[in-house]
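See below for the structure under consideration.
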Amino acid sequence: MYNIPQAQEKFAALIEAQKKRVTAMREQGDFVDYQSLNQIIIGICGGDGIGPTITKEAQRVLAFLLKDAVAQGKVAFREIDGLTIENRAAHLKAIPDDVLQELKACHVILKGPTTTPRAGDEWPNIESANVAMRKELDLFANVRPVKVPEQGIDWTFFRENTEGAYTLGSCGFETEDGISIDFTVTTTDGTQRIAELAYDYANRNGKKRVSIVTKANIVKETDGKFLRLCQEVAKRYPDITTDDWYIDIMTAKLVDEKRRKDFSVFVLPNLYGDIITDEAAEFQGGVGTAGSGNIGKRYAMFEAIHGSAPRMVQEGRAQYADPCSMLRASVMLLSHIGYQEEANKLERALDICMFEEKALTVTGRDTGCTCNEFGDYVMRTIAAL
Ligand code: IPM
Ligand code: MG
C-alpha cells in the first residue's frame, strides 16, 4: 500500500521504463530476411500441461516437412527445456535468464502453452511466460487467423501484443484508502507499427476491408490514440475500406451471420484482441483448433491460442490432447520463414483431416484418437497430396 508521494515515485519509474522501451523500438532495424541466413534455428519449447505432448507432435510434423532442409543444414531444431512452471517458480521469474538466452539464440520459436499463475493458486504469482516472451523478444503483432469456409468466414486478427493492458499488467498497485490502480499503455510508435503491419498484410493479400476495434468513446486517451493512428495509416491505402467499431458491438457482430462474412482484417489493442480471438476461434471449432503468430522484427514465436489444460493431465488424458492448434501455428511458422510450399501442404492436410475427410478425430478423451495418431494421420495425408 502506497501513500501519494510513494505512488508518484512508482508511476515516474514506470514512465521511465516505457520511455526506454520506445527508444529501443526506434533503434530496431528492419524485419529479418530469413533467406539470407545460412541456417534458420527453430526453437522448440514444450511448456506445461498438455504443452509438451502437442508441441512434440507439431515438431514431428515439421521435421517431416523440412526433412531435406534439415539434411542440407538449412534448418535446425533446438529443444529448449526450462520454460515449465516448476522451473519458473523455482527461479521466481517469468522466463529464467538461461532460458531467455537460449530463446534469443533461435530465429523462430514454436512454443507450447505455459501455465499462467494467478493470486491464490499453488504457484507464486509471477508474470505470464507468454507475456514476458512477447515483451522480451518484442513480438509486437499477434496474428490470429480464423477460417470457416462453409460460412464464408475468413478473418485475420492483428492483435497488438506488447502494449495496452498487458504492458504494466503486473505493475499496478494499491494506494491508501483501498484504491487499486492498474495502467494501460498505448505508444505512438507501438500503434503505428501494428497498424502498418495489418494494412501491409491486407494490401499484399488482396483483402478489401480493415476494421479497427477499440473502445475509444470511453477509454479516450489510449484507445483514442490507437484509433486515430490506425486511421492515419489507413489513408495510405485508399483501395482498402476502413471502418471502426467499438469492441462491445464488434463482439456482437461476430455472431451475426448476415454481417460477419463482410469482415476480413482486424486491428485492435491487446486485451480486446485477446478476448475476441477466443470468441472467433470458437466458430472454427474451439480454441484447440487455432494457432497464432507472435511477430517481431528480430524474432517470431508461434503458439496455440489456448492454455495448458492442466486438468487433462490430472485426469490422465494428455495423450488425447488435440495438436491442431500447434499444427496451425506450424503452418504460420513455415510461411514466416519462407517455406510457403510446405506451409500450403500442411494447411491443406489439416483442412482435409479436420473438416473434410475426418477419418480420425481428437476429442480430448479416449472416445477419439490420440495426439500421436492424429499426427500420423496428418503426415499420411501430406504424403498423399
Ligand atoms: C493468449 C492467452 C494469453 C494472453 C495468456 C495465456 C497469458 O490467453 O495468448 O491469448 O492473455 O495473451
Ligand atoms: Mg487469450
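The values are calculated or read from the model by the stated rules, or taken from the named source; none is laboratory data. Predicted model only: the values in this text are computed from it and were never measured. Note: ideal-geometry Cβ built from the backbone for every residue, glycine included; neighbour counts use all protein chains shown.
Here are some residues: Ile109, Ile126. Which one is at pLDDT below 95 and either within 14 Å of ligand 1 (Cβ to nearest atom) or under 29 Å from Cys371 (Cα atoms) (or both)?
Numbers: Ile109 fails: at pLDDT below 95.
The unique qualifying residue is Ile126.
If the requirement is being under 30 Å from Phe31 (Cα atoms), within 16 Å of ligand 1 (Cβ to nearest atom) and either touching a residue at least 12 places away in the same chain (Cβ under 8 Å) or in contact with a Ser or Thr (Cβ under 9 Å, 6 or more places away or on another chain) (or both), which of these qualifies: Ala309, Ala280?
Numbers: Ala309 fails: under 30 Å from Phe31 (Cα atoms).
Step by step, each of Ala309, Ala280 is checked, and only Ala280 is under 30 Å from Phe31 (Cα atoms), within 16 Å of ligand 1 (Cβ to nearest atom) and either touching a residue at least 12 places away in the same chain (Cβ under 8 Å) or in contact with a Ser or Thr (Cβ under 9 Å, 6 or more places away or on another chain) (or both).
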**Request:** Considering only residues that are of a type outside the set (S, T, N, Q), in contact with a strand residue (DSSP E or B) (Cβ under 8 Å, 6 or more places away or on another chain) and outside any helix (DSSP H, G or I), look in segment 1-31 and name the one that is modelled with the highest pLDDT.
**Result:** Tyr2
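For (1) buried (at least 18 other Cβ atoms within 10 Å of the Cβ); (2) touching a strand residue (DSSP E or B) at 6+ places or on another chain (Cβ under 9 Å); (3) among the hydrophobic types (A, V, I, L, M, F, W, C), each residue gets a yes or a no:
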position: Lys56; (1), (2), (3): yes, yes, no
position: Phe64; (1), (2), (3): no, no, yes
position: Val75; (1), (2), (3): yes, yes, yes
position: Leu83; (1), (2), (3): yes, yes, yes
position: Ala90; (1), (2), (3): no, no, yes
position: Leu103; (1), (2), (3): yes, yes, yes
position: Glu122; (1), (2), (3): no, no, no
position: Val131; (1), (2), (3): yes, no, yes
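If you scan segment 322-334, which residues turn out to be small (Gly, Ala, Ser) and within 16 Å of ligand 1 (Cβ to nearest atom)?
Pass one, segment 322-334, residues small (Gly, Ala, Ser): 325, 329-330.
Selection gives Ser325, Ala329.
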**Request:** Might you check whether a residue that is within 18 Å of Arg134 (Cα to Cα), among the hydrophobic types (A, V, I, L, M, F, W, C) and assigned to a loop (DSSP other than H, G, I, E, B) occurs anywhere in segment 206-219?
**Result:** no
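Given the condition outside any helix (DSSP H, G or I) and either under 23 Å from Val331 (Cβ atoms) or not β-branched (Val, Ile, Thr) (or both), answer yes or no: does some residue in segment 51-59 qualify? Give the steps one after another, and end with the answer.
Pass one, segment 51-59, residues outside any helix (DSSP H, G or I): none.
The answer is no, given that none of the residues of segment 51-59 is outside any helix (DSSP H, G or I) and either under 23 Å from Val331 (Cβ atoms) or not β-branched (Val, Ile, Thr) (or both).
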**Complete:** Considering segment 312-359, residues that are in contact (Cβ under 8 Å) with a residue 40 or more places away in the chain and not in a helix (DSSP H, G or I), and then whichever is nearest to Val61 (Cα to Cα), we arrive at Pro323
**Prompt:** Hey, does segment 109-120 have a residue that's outside any loop (DSSP other than H, G, I, E, B), surrounded by fewer than 20 Cβ atoms within 10 Å (Cβ to Cβ), free of Cβ contacts under 8 Å to residues at least 40 places away in the same chain and of a type in the set (A, V, I, L, M)?
**Reply:** no
**Asked** Is it true that some residue in segment 257-272 is away from ligand 2 (no atom under 13 Å from the Cβ), free of Cβ contacts under 8 Å to residues at least 40 places away in the same chain and either at negative phi or assigned to a loop (DSSP other than H, G, I, E, B) (or both)?
**Response** yes
**Request:** Please list, ordered by first then second residue, the pairs with beta carbon atoms under 8 Å, 6 or more apart or interchain, first in segment 2-29 and over 19 Å from Glu163 (Cβ atoms), second of a type in the set (A, V, I, L, M, F, W, C).
**Result:** Tyr2/Phe173; Ala7/Phe173; Ala7/Ile181; Lys10/Phe173
**Message:** It is to be established whether one or more residues within segment 71-79 are within 18 Å of Pro117 (Cβ to Cβ) and free of Cβ contacts under 8 Å to residues at least 40 places away in the same chain.
**Reply:** no
**Odd one out for Glu232 among (1) surrounded by fewer than 16 Cβ atoms within 10 Å (Cβ to Cβ); (2) assigned to a strand (DSSP E or B)** = (2)
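Taking the conditions exactly as written (more than 16 Å from ligand 1 (Cβ to nearest atom), at pLDDT below 95 and out of contact with any Gly (no Cβ under 7 Å at 6 or more places or on another chain)), does Gly291 satisfy them or not? Step through it out loud before you land on a result.
Details: more than 16 Å from ligand 1 (Cβ to nearest atom): no; at pLDDT below 95: yes; out of contact with any Gly (no Cβ under 7 Å at 6 or more places or on another chain): yes.
No: the conditions fail for Gly291.
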